[in-house]
């Protein structure tokens, strides 16, 4: 060994870039996990709250392996990695390569100069040229909220939504059950959807917030800031714009055969569903499919499995496991819900009208863990979501109004 | 990423005998899409 050590020629070679990235990624993962643990310790005064009981999904070995990975930590790491600014000379070839691999159309981007996108995250969240996506003019149509591929659609029977190829899950598991807040409203003779909005009062708003421990109202929602009164000019502009939107939504909802927008449910109505998959090369902002009023949103801080068509076929109940934002509201014909589901590479769901929402966040996960622990102490089941209401966004409509085709938010990397 | 829509819409009413029973429902929700179809923002998924 001594002879070999003396006589062997040492030759230095650079580490391959891929191996280097993997190594740096593992170091960063270790650091983020360590920070997460420290954060939990600080939040709980030294006592680590028990993590939420993770549901181990059934499925083939690929799913079993995936279920052992820290998917949310990987997703956050992926997000941070993609926020690193690229050197100027690499931007054009880098983004062109990405577009070629994933089939992104560079011709329709609002900002065609690729050098202006500092990193992949900003390129991924690109805007389109005005008029690049014409909205169907039929007032009775529901339009596609995003670019993508239709994975499944149909009528909901026996309260079950079909995933793909016959996999089903219950609607209650997807949207969450009736919350105490909704029950409280209904106990006061106020229905949550399809009812006359003007009958609800400010006092009921306050009661709503008090009754439900996990719900809260968003008083300055439209300005996107808690210190709205300090920004009077912005507030006035926002209020005016809001009034215009309300008027347009009211006009849209009243179109057609004279039925009021709050028409009661009838036995002739049914529930329908549609699942749209956005591929990595697609435009990742999403829009309102109809004119409607969003009453509340529920944030389920679940896991972040991939939502590729393969996994949707393979992993039963995928949407029930993944982190998702459920927007509940009403449209001309009654109930309407809109559910952006996160995935490993795109864990962050952004809503333009909800500055409070934080998805794929360590803080949110810790809060969910604490809520689960507190529910367990009380001997109650953990509902699995945090709910916010938009009732104060518009006193007339009792929710946040959205017009057909209006940009609502999007999916961001990590 | 994925978007799931769940919504209430009219099923429509069955046509009367004179109009031809068995010819489906009238005035209800109708889909304009197919499974696996590529769609774009603003394209109609269906209509009432």
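The values are calculated or read from the model by the stated rules, or taken from the named source; none is laboratory data. Computed from a predicted structure; not experimentally measured. Glycine gets a Cβ as well: all are built from the backbone with ideal geometry, and neighbour counts include every protein chain shown.
When region A:348-367 is examined, which residues are found to be buried (at least 19 other Cβ atoms within 10 Å of the Cβ) and more than 9 Å from chain B (Cβ to nearest Cβ)? Listed by number, the residues that qualify are A:348, A:350, A:351, A:353, A:354, A:357, A:359, A:360, A:365, A:366.
For region A:307-326, a residue qualifies if it is more than 10 Å from chain B (Cβ to nearest Cβ) and either within 19 Å of residue A:121 (Cα to Cα) or in contact with a strand residue (DSSP E or B) (Cβ under 7 Å, 6 or more places away or on another chain) (or both), and the qualifying residues are A:317, A:320, A:321, A:323, A:325.
Within region A:303-316, the set of residues being surrounded by fewer than 24 Cβ atoms within 10 Å (Cβ to Cβ), touching a helix residue (DSSP H, G or I) at 6+ places or on another chain (Cβ under 7 Å) and not in a strand (DSSP E or B) comprises A:311, A:312, A:314.
Considering region A:368-383, the residues that are touching a helix residue (DSSP H, G or I) at 6+ places or on another chain (Cβ under 8 Å) and within 23 Å of residue A:41 (Cα to Cα) include one that is surrounded by the most Cβ atoms within 10 Å (Cβ to Cβ), namely A:369. Evaluate region A:285-292: report whether one residue or more is modelled with pLDDT of 90 or more and away from every other protein chain (no Cβ under 12 Å). Yes, region A:285-292 contains a residue that is modelled with pLDDT of 90 or more and away from every other protein chain (no Cβ under 12 Å). Of all the criteria given as (1) modelled with pLDDT under 90; (2) on the phi < 0 side of the Ramachandran plot; (3) surrounded by fewer than 19 Cβ atoms within 10 Å (Cβ to Cβ), the one not satisfied by residue A:115 is (1).
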